[in-house]
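Before any comments, here is the structure.
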Amino acid sequence: MAGFRSFMDLALDEARAAGARGEVPVGAVVVDPAGRIVAQAGNRVRELRDPTAHAEVLAIRAACALADSERLPGHDLYVTLEPCPICAGTVSAARIARLYYGAADPKGGGVAHGARVFVHAQCHHVPEVYDGLSAEASEALLRDFFAGLRG
């Protein structure tokens, strides 16, 4: 990918901030077709008492509000963890062009694992998917967070 620039470092910053708030450390960043960051968020499920307040959903909502549209064609989404089925469905509905994610999620993922939302005939839009971006850093954040809960 000539000229590729990753925004995963910012997604990791959002994940760290989420973890510091006691949320599962997942962060997301939405980038417009010109390469500008238009939204970023970390999980806020506990804070907002909202089971849909995942980083991806919050970032996509903010980007849609800024674009004054329910769709984000040409936009990229960077997220530290493989999106769950809720988030994968939101990515599809928003018409995100490219999805980049870090850690795989064999238990709750909805892209490469579990529901595999993008392979179903009912999925109206399938983004390009790139996995494993900053996977080690993403996995370490999650591992440390959950070890702290058990310890």
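The values are calculated or read from the model by the stated rules, or taken from the named source; none is laboratory data. Every value quoted in this text rests on a predicted model; they were computed, and no experiment measured them. All Cβ positions, glycine included, derive from the backbone under ideal geometry; neighbour counts span all protein chains shown. Areas reflect the complete protein model, heavy atoms only, side chains present, ligands, DNA and RNA absent. Shrake-Rupley method; radii C 1.70, N 1.55, O 1.52, S 1.80 Å.
Does residue 86 satisfy being at pLDDT 95 or above and out of contact with any strand residue (DSSP E or B) (no Cβ under 9 Å at 6 or more places or on another chain)?
In short, yes.
Quickly run through the range 108-126 and pick out the residues that are under 23 Å from residue 51 (Cβ atoms) and either of a type in the set (Val, Ile, Thr) or open to solvent by less than 60 Å² (accessible area, probe 1.4 Å) (or both).
Matches in the range 108-126: 108, 109, 110, 111, 112, 113, 115, 117, 118, 123.
Take the range 108-134 and flag every residue that is among the hydrophobic types (A, V, I, L, M, F, W, C) and either more than 22 Å from residue 75 (Cβ to Cβ) or assigned to a loop (DSSP other than H, G, I, E, B) (or both).
So in the range 108-134, the residues among the hydrophobic types (A, V, I, L, M, F, W, C) come out as 111-112, 115, 117-119, 121, 123, 126, 129, 133.
Once the filter is applied, which keeps residues that are among the hydrophobic types (A, V, I, L, M, F, W, C) and either more than 22 Å from residue 75 (Cβ to Cβ) or assigned to a loop (DSSP other than H, G, I, E, B) (or both), the range 108-134 yields 111, 112, 115, 121, 123, 126, 133.
Under 9 Å by Cβ, and 6 or more places apart or on different chains, what pairs join a residue from the range 25-48 that is closer than 16 Å to residue 91 by Cα and of a type in the set (A, V, I, L, M, F, W, C) with one that is open to solvent by 10 Å² or more (accessible area, probe 1.4 Å) and modelled with pLDDT under 95?
Every condition considered, the pairs that remain are 31/5.
Residue pairs, Cβ under 7 Å, 6 or more apart or interchain, first in the range 99-125 and without any contact (Cβ under 8 Å) to a residue 12 or more places away in the chain, second exposed (fewer than 14 other Cβ atoms within 10 Å of the Cβ). List them.
Cβ pairs passing all conditions: none.
Give me the residue from the range 2-19 that is of a type outside the set (Lys, Arg) and over 14 Å from residue 55 (Cβ atoms) and, out of that set, modelled with the highest pLDDT.
My answer is 9.
Say whether the condition of being open to solvent by 40 Å² or more (accessible area, probe 1.4 Å), touching a helix residue (DSSP H, G or I) at 6+ places or on another chain (Cβ under 8 Å) and not in a helix (DSSP H, G or I) is met by at least one residue in the range 135-151.
no
Could you please let me know if residue 30 is out of contact with any strand residue (DSSP E or B) (no Cβ under 9 Å at 6 or more places or on another chain), over 18 Å from residue 144 (Cβ atoms) and aliphatic (A, V, I, L, M)?
no
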